[in-house]
Amino acid sequence: MTREMLYDAITEVRDELIVEAIEIKPVKSKVRWLKFGSVAAVFAVVVGLGVGVFNGKIPWLHIGGNAAGAGADGSMVFDSYAGPVFPLTAIAGGDGLRLERTITYDFQSWMAGGSNRPYYGLPVTDSYTLTNPTGEDKTVTLLYPFAADPYELERYQPALTVDGIEADAALLTGKYSALGDAGRPGGLPSLDDPESWENYRTLLSDGRYQASATGDWPDLSHIPVTVYEVTNPWAEPGVGNKGDGHYNPNIHAELEFDYSKTTVLTYGFNSYCHNPDGGTARFGFDAPQPPAEGSSVDPDFYERERTQRHYLIVMGEPLDSFRLVGVSTGGPESTDYLEWGTEIKADLRQYQTDLESALRAAAEPLYYGRDWDGVAGNVEDTPDFELYFGLLKDCLLDAGLLLSDPEKQYDLFYQLENVEVWAYQRLFYLETEVTVPAGGSVTVEAQMLKEASFDHACTGSKNMGVYGYDLVTKLGTNLDIAVQTAKAVNMDGVEIVRQNFGFDWENGVDTVTLDPAVEHYYLEVRRIKTK
């Protein structure tokens, strides 16, 4: 199943925009990623006539809705849910193999993330012995699922090995979110994070999520668009002086178009106002001014602002009119015009292309403009652009970009820098191919730091300091896992609050056999207080 097929199944896509799928194979990536500053954003929804909006990102806190509640099986429903450890599965060649699984929790480094933040990662090893009882070699394509917030992949992506050797594994992921919400337009998926393992059971119930992960990214190259590219913005020093030494000249793009027939995407514009009834809109951005002699303004900052590209991507019917104007203040409705070409100016290029190319052109400065080297400390930790670009298209499609009824779109204008690709927890997969010799065995092992589920201090929960780790025994797998064993090591200073594993550390029971009929196991622990 291609991603286009999946989108067609859940959205009311405009007939004239449906394109034939072009296969784009998943990009193999071994890159580890680092968390970066702001991890969420909101789309500002404008209501009424001529309302100006300045859009910006807001800090995002991973908070569920059931702090300190109890699950049906006795586990805690935590305020922040990290997701379980999932079993290995296969998409081809797994028939006839016998598996034994051992999962090990190592508490020796539990507090390594900070004395008050053990949820930063518990070392976990999820090991599988694959045995081939037949007389012929068997080649199997394996998927190892793991839940993670995308912006923390560098920390939580498992290291996958085959017989102790690093596996050649592709990193895959499914749709933006696949937790259904009947209240969303066109049956679009919910953007909410999962709050319990049952949400993942819903996610994987019909196979669509895994199919979307192993399919192809949407290709939008058959959708024509018009691009307005604004470059080399400049404002004369001193223009826009409000009398208090404050300078804020802006360049605005003024548009006229039929809102029912045209969709506009933007990059590099940080304010807008629009009048749907009148068919007008205005988008603006700050015009850089050369720093005056003795100014504290960094000249490099001015040059960066000068080289930034600004895009308006128009899809559907052409604009009725378009012009650039300069204003002395940043208000999106400002009429305090500056003399174009003398006090303020910019270059404009208008061209025809396709949506795939236009999005890529806008996504590249958005992506490469981030100081990944400074964030990660190593340029090799830069995230994979193709994965980022695929997720960006994924998010736009889920937000209703191609819906035929503009009433169902969340906003008529999509600011690409506010499409937060990384904000919501996803289920990722590591895909690798393994050959199990006739009559022989192979060991596949995933080593990871497992984030804990916990309650935030702001909730006032009585379970502060309790951290949960859970696993599922058969959810999402089609492999015959005959035996599953759980082990805990280095538990000094740690006590169990709730569990259904059957551990009894005080009496030396640190290894237990799991019942495959029990879908969900949970272990909730805390640090033992010392005098």
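In this label model, A292 and Y351 are separated by 3.9 nm, measuring between points 7 Å along each Cα→Cβ vector.
Take every Cα-Cα pair in segment 271-370 and report what % of them are more than 25 Å apart.
32 percent
Rolled with a 1.4 Å probe across the full set of protein chains, the surface gives K450 an accessible area near 20 Å².
Backbone phi angles across segment 133-138, fed through the Karplus curve with coefficients 6.51, -1.76 and 1.60 (θ = phi - 60°), yield HN-Hα couplings of x, 7, x, 10, 4, 10 Hz in residue order; Gly and Pro are listed as x. Among residues other than E229 with Cβ under 11 Å from its Cβ, the summed charge is +1 (Lys and Arg +1, Asp and Glu -1). Placing a pseudo-label 7 Å from each Cα along the Cα-to-Cβ vector at I496 and T141 gives an inter-label distance of 4.0 nm.
Ligands, DNA and RNA aside, C458 has an accessible area near 100 Å² when probed at 1.4 Å.
A Cβ-based charge dipole, computed about the Cα centre of segment 294-352 with Lys and Arg at +1 and Asp and Glu at -1, lands at about 220 debye.
Could you tell me which of rounded, prolate or oblate describes segment 435-531, using a ≥ b ≥ c as the square roots of the eigenvalues of the alpha-carbon gyration tensor, with rounded for a/c under 1.5 and, failing that, prolate when a/b is larger than b/c and oblate otherwise?
Taking the square roots of the gyration eigenvalues as a ≥ b ≥ c, segment 435-531 is prolate.
Protein-only accessible surface at a 1.4 angstrom probe places the residues D258, D320, D384, D394 in the order D320, D258, D384, D394, largest first. With a Förster radius of 60 Å applied to the beta-carbon distance between S260 and A159, the computed FRET efficiency rounds to 0.70. Going by accessible surface with a 1.4 Å probe and the largest first, T435, T329, T473 read T435, T329, T473. What pairs in K175/K261; K393/K462; K393/K487; K175/K462; K462/K487 have C-alpha atoms more than 31 Å from each other? Result: K393/K462; K393/K487; K175/K462 exceed 31 Å.
Here E136 sits with roughly 140 square angstrom of accessible surface, probe radius 1.4 Å. Taking 0.36 nm per residue of separation and subtracting the current Cα-Cα distance, fully stretching the chain between N478 and T435 would add 13.7 nm.
For the full complex of protein chains and a 1.4 angstrom probe, list W340, W234 by accessible area with the highest value first.
W340, W234
Computed over the alpha-carbon pairs of segment 474-531, the distance histogram in 5 Å steps reads 4, 15, 26, 21, 14, 10, 6, 2, 1, 0 percent, short to long.
The values are calculated or read from the model by the stated rules, or taken from the named source; none is laboratory data. Source: prediction; values computed, not measured. Methodologically, a virtual Cβ is constructed for each residue, glycine included, from the backbone with ideal geometry; neighbour enumeration extends over all protein chains shown. Calculation scope for accessible area: heavy atoms of the full protein, side chains included, ligands and nucleic acids excluded. Shrake-Rupley method; radii C 1.70, N 1.55, O 1.52, S 1.80 Å.
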